[in-house]
Amino acid sequence: MSGIVVPASVARATGPLSPAQADAVRALHHAAARADGVPPLSEQPLLWLSDSEADVVHLLAGTGGPDALVGYAQLDVGSSTTVRAELVVDPAHRRHGVARALLARAAAEAAAVPGRRLHVWAHGDLPAARATAAAQGMVVVRELWRMAVDLDEHPPAEARLPHGVRVRPFVPGQDEDAWRRVNARAFAHHPEQGRMTSADLRAREREPWFDPAGFLLAERDGQLLGSVWTKVHPAGDAPDGAPDTAVGEIYVVGVDPDAQGLGMGRALTSLGLTHLHDRGLRTVILYTGAENTVAVHTYERAGFTRTAVDVMFGDPPSASPARGVPLVQVNGDDTTSAPGGATMGT
């Protein structure tokens, strides 16, 4: 225990963190990623660190010493029924109560609204996260799969679009409102993706990876029916790829409910894969919920295989959230979304 300081306090903050606080969280995130081989925070929490419109609570565990920040949790409190959290603990300060202190404060935040539950994701399904969850009486209540395909071995199928449907690239400054309307309808039952705000979309447009040429909109008679949004992870920062190889991602596929049943989801996925293949990318990943068997089978037919799993921890299904008993989410995202994106909305 020499040199290890148990956190003296867990501070609560709302609104955007200060630049110094946000930088400290990012540094903590990168340190944990290097130690664990998997990022502890997904894309959305990192974007929300400095977002004045994000409906989140920040929990910062400190020691009061020079290396003040030893743990961080972000709580998405935008829902009246569920609080979703992701957390990270400094590798040098683990097994000393930091995670327990953050989870206790997170449970208290959830309990502020009667009957509200707390979900906590664990990216990578690491043994330490399982042990922490088990100690809190939590079980796995959801799995998010990362799947990957080798496009040299499984070339994209030809996209078969319904009659009269045309595809064009997204135009920044023009298409945001129409895309958000369809996205909200396509993911009406999706707790994160379905309520993506204008600020969330603009934040992604400012990211270095954003490329409107890989954000394809399918329209008929000027009406948006669906879209496929792709992303490229640069070499050295790419899951399921060699260290010197970039990897593509099917980031979001969404289809308006009125256009479902026309094969749009499969066609849009093929268009996204073709775009990435034409850019010279061999490996493409996506994320989907394990319980979304229709999507899983669609991707398996396209050559995708499971390569990683994130898990959501929570109370056993029969447990009641009364008195603030938490369902905990340790790192990750939801069933049809990546940590920060989404896949099948068809």
Of all residues in the stretch 294-309, count the ones that are surrounded by 15 or more Cβ atoms within 10 Å (Cβ to Cβ) and within 14 Å of E153 (Cβ to Cβ). 3
Restricting attention to the stretch 177-193, does a residue exist that is charged (D, E, K, R), within 20 Å of the chain's Cα centre (by Cα) and surrounded by 20 or more Cβ atoms within 10 Å (Cβ to Cβ)? yes
Here is a check on your reading of the model: is V167 surrounded by fewer than 20 Cβ atoms within 10 Å (Cβ to Cβ), farther than 25 Å from T298 by Cβ, at pLDDT 95 or above and in the same structural domain as G289 (by TED's automatic domain parsing)? no
Does A338 meet the test of being among the hydrophobic types (A, V, I, L, M, F, W, C), assigned to a loop (DSSP other than H, G, I, E, B), assigned by TED's automatic domain parsing to the domain that holds R185 and at pLDDT below 95? yes
Considering only the stretch 188-210, I want to know if a residue exists there that is part of a strand (DSSP E or B) and assigned by TED's automatic domain parsing to the domain that holds R301. no
Search result, residues across the stretch 133-164 that are outside the structural domain of V120 (by TED's automatic domain parsing) and at positive phi: G164
What single numbered condition from (1) under 27 Å from A122 (Cβ atoms); (2) touching a helix residue (DSSP H, G or I) at 6+ places or on another chain (Cβ under 8 Å); (3) assigned to a helix (DSSP H, G or I) fails to hold for H275? (1)
Let me confirm something: among L262, L161, which residue is over 24 Å from the mean Cα position of the chain (by Cα), closer than 20 Å to H275 by Cβ, of a type outside the set (S, T, Y) and part of a loop (DSSP other than H, G, I, E, B)? L161
Report yes if some residue within the stretch 210-227 is surrounded by fewer than 19 Cβ atoms within 10 Å (Cβ to Cβ), out of contact with any Leu (no Cβ under 8 Å at 6 or more places or on another chain), modelled with pLDDT of 95 or more and among the aromatic types (F, W, Y); otherwise report no. yes
Do we find a residue being under 23 Å from P317 (Cβ atoms) and free of Cβ contacts under 8 Å to residues at least 12 places away in the same chain anywhere in the stretch 172-188? no
For the structure I just gave you, tell me whether V232 is touching a helix residue (DSSP H, G or I) at 6+ places or on another chain (Cβ under 8 Å), surrounded by fewer than 24 Cβ atoms within 10 Å (Cβ to Cβ), among the β-branched types (V, I, T) and modelled with pLDDT of 95 or more. yes
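The values are calculated or read from the model by the stated rules, or taken from the named source; none is laboratory data. Computed from a predicted structure; not experimentally measured. Every residue, glycine as well, gets a Cβ built from its backbone with ideal geometry; the counts of neighbours run over all protein chains shown.
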